[in-house]
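Notes for the one structure printed next.
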Amino acid sequence: MASSSLCHCYFNPITVTPFPNTKLNHSSSQSSRRISLRVNRRSFSISATMSSSAKKVLIPVAHGTEPFEAVVMIDVLRRGGADVTVASVENQVGVDACHGIKMVADTLLSEFTDSVFDLIMLPGGLPGGETLKNCKPLEKMVKKQDTDGRLNAAICCAPALALGTWGLLEGKKATCYPVFMEKLAACATAVESRVEIDGKIVTSRGPGTTMEFSVTLVEQLLGKEKAVEVSGPLVMRPNPGDEYTITELNQVNWSFDGTPQILVPIADGSEEMEAVAIIDVLRRAKANVVVAALGNSLEVVASRKVKLVADVLLDEAEKNLYDLIVLPGGLGGAEAFASSEKLVNMLKKQAESNKPYGAICASPALVFEPHGLLKGKKATAFPAMCSKLTDQSHIEHRVLVDGNLITSRGPGTSLEFALAIVEKFYGREKGLQLAKATLV
């Protein structure tokens, strides 16, 4: 099969260079899956009572891993029905990812070095990418994966630092984060595709390409039909790589003294991609972001079972004032927010003081609407939730600002949503600068 470009409804054209005489697998598995969860104090694990044909995926993480890349990979592959194992290459399951984001792996890599996976995916980030490169057990696993003709994938710095250093890209086309392209060119045919497929190796560029990358790998593992099914609810960008846009009504200045103080509540069932996108981008902008957990534990198990660790409990966060309170979505998380009298009162005081507040996905419909926080405002929400909005006149906008309110649609709009917040506090130039750095 000759090299070709495929264009699917869920992302822009990608370059595909398969092995000679190898056909891409577009079969779709319809097997039913039951997932049971075991949660303990040290970590959590997902025990999948799945069909024997369930695809097994390994995602190694380290201190300094890029959290948005890791979380999107985990989330999207689990949405596709893959049995995903998140393994720490450190000597502990707790990982301090980039931008002060703390997450907890399912297990240690040392417990899985003899296991067979259908796909091994490497996230980027520094120093995480260097740590993955220097992990000899991981190198051995990835090399065996390659020898056995199974899928390997890497994003951001990982194609150049890990796959290239290990000699797996010789004679292959590959892409990576722009500043590592020169290093990549020394060990591969470096190309600037957002997602590049060459045989059994898939590479991509950075945070803003991670969703396309992950959906591509759903297709490689589970078929085109499953990839289309997964991509729909993500609300992916129709034009990835183009300059992001926002719709703004009743423009007002969002002011702050010194550094923006931003509160991001999280709860069990919050959408991890949305939460991490908001935290990641706003911390890149040097805002002071406080992540507050509802309940009595800092550890939160998000909607796709990614375990995040908050900075404080909401009880502690309540003592301070914020320039913005912004809610991620996720059905379980939004329901928890709506039931929290403490959080709802904080939001009402924020709105009454004409200070900015915002939400994405299910939260505008399930939190703001029933508590009167959208009265006289235009808003958008996750498409399936928009019927719950009283005013549906502006629901088609991906990011909508109405005075001191900002709302957005879902995981695929979360980076645009976060960049719009940056723009409101710091200006358009800063938003575009971060968009370029994250490849949005």
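Looking across segment 372-399, the residues that are of a type in the set (Val, Ile, Thr), more than 15 Å from Asn250 (Cα to Cα) and touching an Asp or Glu at 6+ places or on another chain (Cβ under 8 Å) come down to Thr380, Thr390. Looking at segment 346-356, can you tell me whether even one residue there is of a type in the set (Ser, Thr, Tyr) and open to solvent by 40 Å² or more (accessible area, probe 1.4 Å)? Within segment 346-356 (the criterion being of a type in the set (Ser, Thr, Tyr) and open to solvent by 40 Å² or more (accessible area, probe 1.4 Å)), the answer is yes, since at least one residue qualifies. Here Asn134 meets each of (1) buried (at least 24 other Cβ atoms within 10 Å of the Cβ); (2) without any contact (Cβ under 8 Å) to a residue 40 or more places away in the chain with one exception, condition (1). In segment 88-97, the qualifying residues are those that are open to solvent by less than 20 Å² (accessible area, probe 1.4 Å) and either within 17 Å of the chain's Cα centre (by Cα) or basic (Lys, Arg) (or both), and the one that is nearest to Thr175 (Cα to Cα) is Ala97. Counting only helices (runs of 4 or more DSSP H) that sit completely within segment 64-156, those holding 2 or more residues that are of a type in the set (Val, Ile, Thr) and under 28 Å from Leu298 (Cβ atoms) correspond to 67-79.
If you take the residues in segment 150-161 that are free of Cβ contacts under 8 Å to residues at least 60 places away in the same chain and either among the small types (Gly, Ala, Ser) or in contact with a Phe, Trp or Tyr (Cβ under 9 Å, 6 or more places away or on another chain) (or both), which one is surrounded by the most Cβ atoms within 10 Å (Cβ to Cβ)? Only one residue fits best here, namely Pro159.
Here Arg304 meets each of (1) part of a loop (DSSP other than H, G, I, E, B); (2) over 26 Å from Val61 (Cβ atoms); (3) under 17 Å from the mean Cα position of the chain (by Cα) with one exception, condition (2).
Could you grab me the full set of residues in segment 58-100 that are of a type in the set (Lys, Arg) and in contact with a strand residue (DSSP E or B) (Cβ under 8 Å, 6 or more places away or on another chain)? Result: Arg78, single match.
Looking at Leu347, Leu321, just one residue is touching a residue at least 60 places away in the same chain (Cβ under 8 Å) and more than 27 Å from Gly94 (Cβ to Cβ), and that residue is Leu321. Do we have His371 as touching a residue at least 12 places away in the same chain (Cβ under 8 Å), in contact with a helix residue (DSSP H, G or I) (Cβ under 9 Å, 6 or more places away or on another chain), open to solvent by 50 Å² or more (accessible area, probe 1.4 Å) and of a type outside the set (Phe, Trp, Tyr) here? Yes; evaluated as a whole, the condition is true for this residue. Within segment 416-429, the set of residues being open to solvent by 30 Å² or more (accessible area, probe 1.4 Å) and in contact with a helix residue (DSSP H, G or I) (Cβ under 6 Å, 6 or more places away or on another chain) comprises just one member, Glu423. Is one or more of the residues making up segment 146-153 of a type in the set (S, T, N, Q) and closer than 17 Å to Met73 by Cβ? Yes: one or more hits. Helices (runs of 4 or more DSSP H) fully within segment 162-275 that include at least 3 residues being touching a residue at least 12 places away in the same chain (Cβ under 8 Å) and open to solvent by 30 Å² or more (accessible area, probe 1.4 Å): 224-231.
Let's see how each residue does on (1) open to solvent by 10 Å² or more (accessible area, probe 1.4 Å); (2) at pLDDT below 95; (3) charged (D, E, K, R):
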| residue | (1), (2), (3) |
| --- | --- |
| Lys55 | yes, no, yes |
| Ala62 | no, no, no |
| Met73 | no, no, no |
| Gly80 | no, no, no |
| Thr85 | yes, no, no |
| Val116 | yes, no, no |
| Ile120 | no, no, no |
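Which of the residues spanning segment 357-405 are part of a loop (DSSP other than H, G, I, E, B) and within 20 Å of Gly333 (Cβ to Cβ)? Matches in segment 357-405: Cys361, Ala362, Glu369, Pro370, His371, Leu373, Leu374, Ala379, Thr380, Ala381, Phe382, Leu389.
The set of residues in segment 307-335 that are among the aliphatic types (A, V, I, L, M), open to solvent by 60 Å² or more (accessible area, probe 1.4 Å) and either closer than 14 Å to Met346 by Cα or part of a strand (DSSP E or B) (or both) contains only Leu321.
The values are calculated or read from the model by the stated rules, or taken from the named source; none is laboratory data. Because the structure is a prediction, the values reported are computed rather than measured. Because the Cβ atoms are built from the backbone with ideal geometry, glycine has one as well, and the counts that use them run over all protein chains shown. All accessible areas refer to the heavy atoms of the entire protein, side chains included, with ligands and DNA or RNA removed. Shrake-Rupley method; radii C 1.70, N 1.55, O 1.52, S 1.80 Å.
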